[in-house]
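No value in this document is a laboratory result; all are computed from the given coordinates. Worth saying up front: this structure is predicted, and the values here are computed from it rather than measured. When we count neighbours, we look across all protein chains shown, and the Cβ atoms used for this are built from the backbone with ideal geometry, even at glycine.
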Amino acid sequence: MVQVQQGVRHPEDPEPVESTKLVAARLLAGVGVALSPFVGGAIPALIALMLARQAEADIRESEGFLLGASRLPSIRRTAWAALAIAGAVVIAGLLVWVVGIARAAGDPSYGGDVAVS
């Protein structure tokens, strides 16, 4: 009968490392926040959310050999913030466009030197 000691790892076990998908998701979430005022941050933020979901699944399946699960919530918050900022910029742009159309509603669509009979 073999006895296994708690806390002792087998010498051939790999060292625990941080998930590379998690690192990529963190980088993409940061890029998303940086580019979100220009609406270009929505795509990296969406990719960051997808990578975070995949990283979470990988971390769960790795049985402790992949690290970084504690960083997942902050990465998701950062990516969602980037999406919110990009959405607010789009809504603000649409609002400015609609107000511009409303202001021009009573103006003639031709020059002032045209005679109307």
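Proximity of backbone amide H atoms, modeled 1.01 Å from N, is registered between LEU67 and VAL17, GLU18, SER19 at under 5 Å, excluding neighbours fewer than 5 places apart on the same chain. Ranked by the mean number of other Cβ atoms within 10 Å of their residues, highest first, the peptides 80-92, 62-74, 32-44 fall in the order 32-44, 80-92, 62-74.
Set the Förster distance to 25 Å, then compute FRET efficiency between ALA84 and VAL23 from the Cβ-Cβ distance, nearest 0.05. Can you show the working numbers first?
On the way: r = 23 Å, r/R0 = 0.93.
Between ALA84 and VAL23 the formula returns 0.60.
Could you tell me the calculated FRET efficiency between ARG53 and TRP97, based on Cβ-Cβ distance and R0 = 25 angstrom, to the nearest 0.05? The computed FRET efficiency comes out at 0.10.
Considering the values (1) 65, 22, 17; (2) 35, 35, 28; (3) 108, 17, 15, which represents Cα extents along the principal axes in Å as calculated for the structure under consideration? Computed from the coordinates, Cα extents along the principal axes in Å corresponds to (3).
Sorted by average packing, counted as other Cβ atoms within 10 angstrom per residue and highest first, what order do 54-60, 95-101 take?
On the way: 54-60: 16.6, 95-101: 9.7.
Result, highest mean Cβ count within 10 Å first: 54-60, 95-101.
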